[in-house]
1. Calculate the spin-label point distance for ARG54 paired with LYS321, positioning each point 7 Å from the Cα along the beta-carbon direction, and give it in nanometres.
2. Taking the Cβ-Cβ separation of GLU217 and ALA66 as r and a Förster radius of 45 Å, what is the calculated FRET efficiency to the nearest 0.05?
3. How much FRET efficiency would the formula 1/(1 + (r/R0)^6) give for ARG144 and THR185, where r is the Cβ-Cβ distance and R0 is 30 Å, rounded to 0.05?
4. Over the heavy atoms of SER500, what accessible area does a 1.4 Å probe trace out, to the nearest 10 Å²?
5. So what are the ³J(HN,Hα) numbers for the stretch 571-578, from phi and the Karplus equation (6.51, -1.76, 1.60; θ = phi - 60°), rounded to whole Hz, Gly and Pro as x?
6. Give the calculated FRET efficiency between LYS240 and LEU298 to the nearest 0.05, with a Förster radius of 22 Å applied to their Cβ-Cβ distance.
7. In nanometres, what is the gap between the two model label sites at ALA334 and ALA195, each 7 Å from Cα along Cα-to-Cβ?
8. All other residues with a Cβ under 12 Å from the Cβ of LEU403 taken together, and with Lys, Arg as +1 and Asp, Glu as -1, what is their net charge?
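The values are calculated or read from the model by the stated rules, or taken from the named source; none is laboratory data. All values reported here derive from a predicted model rather than from experimental measurement. Cβ placement follows ideal geometry from the backbone for every residue including glycine, while neighbour counts extend to all protein chains displayed. We work out accessible area using only protein heavy atoms, side chains counted, and drop any ligands, DNA or RNA first. Shrake-Rupley method; radii C 1.70, N 1.55, O 1.52, S 1.80 Å.
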Amino acid sequence: MALSWCLGAALALVCGSLWPQVHSGVAPENEVPLRPTTWLPEGKITSVTLPKGRTRRLYFTLKKKAPGMSVTVSPCDLPIEWTLAARTLKDKPLKNLQWSTKKSMPEVWWRGPGTEEKIHSNTGNAVESYSGPSYPSASIYILRLRSKQQNTRATVYLHEGLGPSGIFPLLPADPQVHTLGVGMTSVTLSWAPSASITSLPHTQTSYEYCVLVNSQENYPSLCAAQKSMRNEKDQNQEKKDRRSRVTVWPILKEWWWQQWDTYPESPQSPPASLTDEYEDLQCVCQGTESVCTVSELLPETQYYFDVFVVDRLNGTSMAYKGTLARTHEEARPAITALREGELRWVTFQDRGFSSEQFFSFRPRGWQQSGLLTLQSCGEGEKVKVTVSSKGQVLTSQAVGRELVHIWLQGSTSYLIHLEREGTAMDHTSAVTDPSLPEGLTASVKMQTSSAYHRRGVPSLPSTLQIKSFNRLRGCNSVTLAWMGTEERSLYCVYRRKLGSREAEAGGASALTAPCLGPESRSDTERVLCKYFQELNPRRAVTTAVIGGLEPGMAYVFDVYLMRRWGIPIKYTSKMVKTRKEC
């Protein structure tokens, strides 16, 4: 035991003598090693990452015979603070001193005794350059950059000499983007041309403009525009991933191993240059022209427009002062309010490809129900009706010669859109309907009424044909019959005497137009009106004896079903000739 203790003590003395000694005068106990410093190279674009609230320092020196310098700082998207200072050391640093940690040469100079003079400072998100003479007494130059808001990045370029660096495109004296014209879906812009483009021969195409448009804000640089587009793309991808996310563990486990095998580890690729980012930008105008018309915009929307002049050879750009404009609102069609029970003729007078009209209707009563009745009166025309409420389409259907009933229920107001679709007949020849006034090419008969006690569309006759009995035909009277409905309704009969030529023709020209209702007939043509109702639809047949006729004359008879709601229903015209001799 005593021998073991002696050996341990001796070993401790030997190890203690071999341990390196630290110079306490040079490296005190409370020394905090600085983070590695960065040299700023001359003639190269240096990208710097700026963490929030932390100051980044870049050091550089100038050649002995350099008469001046220029430092250009380009923030990406957020405002940053940066200062340029010159530090002069009183004595050269000792190289034979032993330090507790490995230190770079700028850090050694910074820790030495000396004076520091501020040359330039700036705050903002715009590209800023300092140009001035060099300081012969300066030992080292320090560029400090800091971001207070968020993590961001910036680019720095150092140029030795008094002249321009030529690495950045030139902006005109007035870099403001002007608005020449604003339309409903387009905006025309103009700006003063850049000297970098006007001074170059036509054979060189390294400089060009890039116009960007968005609905959020003006971008101070191409870097900010690229970052905003990338964030928007990532957000859209994240939304898609959330929708397609699978939580079932077996499927997730299988997918994970497939992804692991498909995408093996690879070395990290270097960051993309500005030229690569410029390729991904969606420029609405690109080239050397200083005028641009941005089209395919939304009406009544505010847009922000930015113009950049880009040097594709050096991968740099400069931003004009962007502008904003609001497109004009879309021309809203006139909407005509329909009155209760109003019978309206909707006419389309133009012979263009298509035309449309809008109407509104508010049904009365707490039930908020109504009935819309339509009938097309144009020959060979295609008319479509669309009923919507609160921006939602309720129904859309074609309107023909037959009556169209649309039941309205559940809304306080309705928007009725009538559209005449163009046909090949529009540009060649148009068929004139006898029921239309002169000069009109198409027409729709429409009526809207509130239905207080109804629960649906009213019933219609099974057929609209009128039958005459030959055996009951006399010299001064004829007997007619037609089908009715199970609802109590009023039926009115009209007659019209034909001339000799019309009677001889006996065709469609002698018949009454389908759209001519009782409101367009003379009171002298009305023969009788009667109420009729039959609960059994198969037996709903009514007859009428029409007297007071002349012998051997041809007459056209029309029957109208008069309803409380909707357009009167017209039966098919019937031509009957009385006997000459009885």
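1. Result: 3.7 nm between the two label points.
2. Details: r = 40 Å, r/R0 = 0.89.
Calculated value: 0.65.
3. For R0 = 30 Å, the calculated efficiency reads 0.05.
4. 90
5. Using θ = phi - 60°, the values come out as 7, 5, 4, 10, 9, 10, 10, 6 Hz.
6. In this case the efficiency is close to 0.40.
7. Using points 7 Å along Cα→Cβ, the separation is 5.8 nm.
8. Details: positive: ARG401, LYS445, ARG563, LYS570; negative: GLU402.
Once all neighbours under 12 Å are counted, the net charge is +3.
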